[in-house]
1. For the stretch 44-132, what % of the accessible area comes from carbon and sulfur atoms, probe 1.4 Å?
2. Keeping every protein chain present and rolling a 1.4 Å probe, give me the accessible area per residue for the stretch 64-170 in Å².
3. Run the simple label-point estimate for Ile158 and Thr75 please: 7 Å along Cα→C-beta, distance reported in nm.
4. What is the extension gain from Glu119 to Glu86, computed as 0.36 nm multiplied by their sequence separation minus the C-alpha to C-alpha distance, in nm to one decimal?
5. Under 27 Å Cα-Cα from Lys63, which lysines qualify once same-chain neighbours fewer than 8 residues away are excluded?
6. What FRET efficiency, computed as 1/(1 + (r/R0)^6) with R0 = 41 Å and r the Cβ-Cβ distance, is obtained for Lys49 and Asp107, rounded to the nearest 0.05?
7. Taking R0 as 22 Å, what FRET efficiency do you get between Val133 and Lys170 from their Cβ-Cβ distance, rounded to the nearest 0.05?
8. Roughly what percent of Cα-Cα pairs across the stretch 60-170 reach past 24 Å?
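The values are calculated or read from the model by the stated rules, or taken from the named source; none is laboratory data. Quick caveat: nothing in here was measured; it's all calculated off a predicted structure. Note: ideal-geometry Cβ built from the backbone for every residue, glycine included; neighbour counts use all protein chains shown. Side chains are part of the model used for accessible areas, which takes the heavy atoms of the whole protein and leaves out ligands, DNA and RNA. Shrake-Rupley method; radii C 1.70, N 1.55, O 1.52, S 1.80 Å.
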Amino acid sequence: MKGIYLCVFSVLFLSACANDAAIESKSGDIQSTIAANGENEAELQETLKAIEKEEQDRIAHEKATLTSMTFDKITQDFGKIKEDTENKASFVVTNTGKNPLIIEKVDVSCGCTTAQKPEKPIPPGKSDRIEVVFHPKVGQLNDQNKTVTVTANTDPKIVVLNIKAFVVEK
């Protein structure tokens, strides 16, 4: 019963608000009289222009700090390995751009894989390593394909590294 009263009250309240929030102009168009945070339309336009300028400045700054990177390999194929073993690989990443390379994060596709990224920015022309460990669990047999997604201040922003193995019983 309370729900019905609440619903009826809401409809009446919204109807009253809608009638007070719009007026008909001389041309017959309906115009809103609601202002956002007490600002009129001209003030809202100025606020919008300021937000757009701020976003353009942010994009320009981001583009100015972009760099590029290359890897010594994109795929690590361990070949035939046993289940429940640690299999380590290093991917050498080189900053081939003009700005410091910042590896923001590395994400792995499976709980059986871990990856560690360089913590410090890599200067132009220098290299560092992304260390990966693939540890197939017991019962995780046959062809295995895992990925390591590297996110950095580059264009494109993401590079996907691949881990492959054929896992056999211990």
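1. Of all accessible area on the stretch 44-132, carbon and sulfur atoms account for 51 percent.
2. 56 Å²
3. 2.0 nm
4. 9.6 nm
5. Reachable lysines: Lys49, Lys53, Lys73, Lys98, Lys105, Lys117, Lys120, Lys126, Lys157.
6. Calculated transfer efficiency: 0.65.
7. The calculated FRET efficiency here is 0.80.
8. 30 percent
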